[in-house]
Amino acid sequence: MGIGRKRFTEIVEESYRSIYRLAFSMLGSEQDACDVTQESFERLWRYRSKVDERAAYVWLRRTALNLCVDLLRRRKTEPEPLDPNDEGSSLIEMRPDPLRRCLRKEEMLMLRRALDRLPEKYRAAVILRDVEDLSYKEISQILGRPENTVKSDVLRGRRMLRKILAPYFDV
Amino acid sequence: MREMLSQLRDIEPPEGLKERILLSTVRRSRLYRLVALASAAAIVVGLALGLFLGGLFVGQNQAQKEAVKLLEGIRQTSRPLEESSMMLLEAIVLTMKTTSMVQSQDEEVVKDEGI
């Protein structure tokens, strides 16, 4: 029980990318994703004596997801238009986006915005399964829901995403 | 759909995020520990210095009190000394007077008897 200083540094090294990715996929904002990632690790550091080392990754992801959900509820804004060309200024140009380097920008942006349109529980399930590539068992631990419910949430989420993206992509 | 979503795996955090996390957790804690240690050391040194200077002050006061006591003691003891000195002086003067009177009487006796 408990996480030492050295082990904590190793956990940061191993998982800060994945936590950031999870937060970014949930929130779609680099700044918010950074804040959520940092806050998640700060909480782990604060409660390091109470968290089991083996459960640290699950604990971190659950904390990050809860923070994302809190943030999304505080925002309460309408989702942005799916097609980046629909709006006057493109977010791609405004944001110093690391995706730019390796991905097709418009496709990524539309995908992200499509994720924004999913209800939170489907979004989290789909991201953990298809982006983070976690098993249903792990996802069920993180979300605190039964495996069968998680499977059903992932399927429903994918179906909704397909429906949203159908007019733009061959999905 | 899975394949498309898997593209999101390529998302990379901005540079410096790891440093930021470590700075706000492990390193901050180390910094706090250093500051706490430095504060504790400063308090100990301050206390020691305070005690030392306070001790000096108290010692000085004590020395002053002792000096005053000593002076008073000297004053008290000097009175009997003065009196005794006066008595001694009076005694000496009296002796000298007596001696001179005896000497003059002796001279008169010698004159009278024609010695």
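Read-outs: derived from the displayed coordinates by stated rules, not from any lab. Here the structure is a predicted model, which is why all the values come from computation and not from measurement. Cβ: placed from backbone, ideal geometry, glycine included. Neighbour counts: every protein chain shown.
When only alpha carbons are used to place a centre, the range A:1-63 and the range B:1-54 end up 16 Å from one another.
The stretch between B:LEU70 and B:GLU3, if pulled fully straight at 0.36 nm per residue, gains 13.9 nm over its current Cα-Cα span. Measuring against 26 Å, Cα to Cα, the residue pairs A:LYS50/B:LYS18; A:LYS6/B:LYS18; A:LYS50/A:LYS137; A:LYS137/B:LYS18 contain A:LYS137/B:LYS18 as the ones spanning a longer distance.
Here the sum of -39500 (n - 2.57) over DSSP H runs of 4 or more residues, divided by the residues of chain B, equals -32000 deg cm²/dmol at 222 nm, to the nearest 500. The phi-based Karplus calculation (6.51 cos²θ - 1.76 cosθ + 1.60; θ = phi - 60°) puts the 3J(HN,Hα) values of the range A:115-132 at 4, 4, 7, 7, x, 3, 5, 6, 4, 4, 5, 5, 5, 5, 7, 8, 9, 7 Hz, whole numbers, x for Gly and Pro. As a rough guide to protection, the peptides A:134-146, A:26-38, A:54-66 ranked by mean Cβ packing within 10 Å, highest first, stand as A:26-38, A:54-66, A:134-146. Excluding same-chain neighbours fewer than eight residues apart, the lysines reachable from B:LYS111 by a Cα-Cα span under 30 Å are B:LYS97. For the range A:105-159, the alpha carbon positions stretch 35, 18, 15 Å along the principal axes, listed from largest to smallest.
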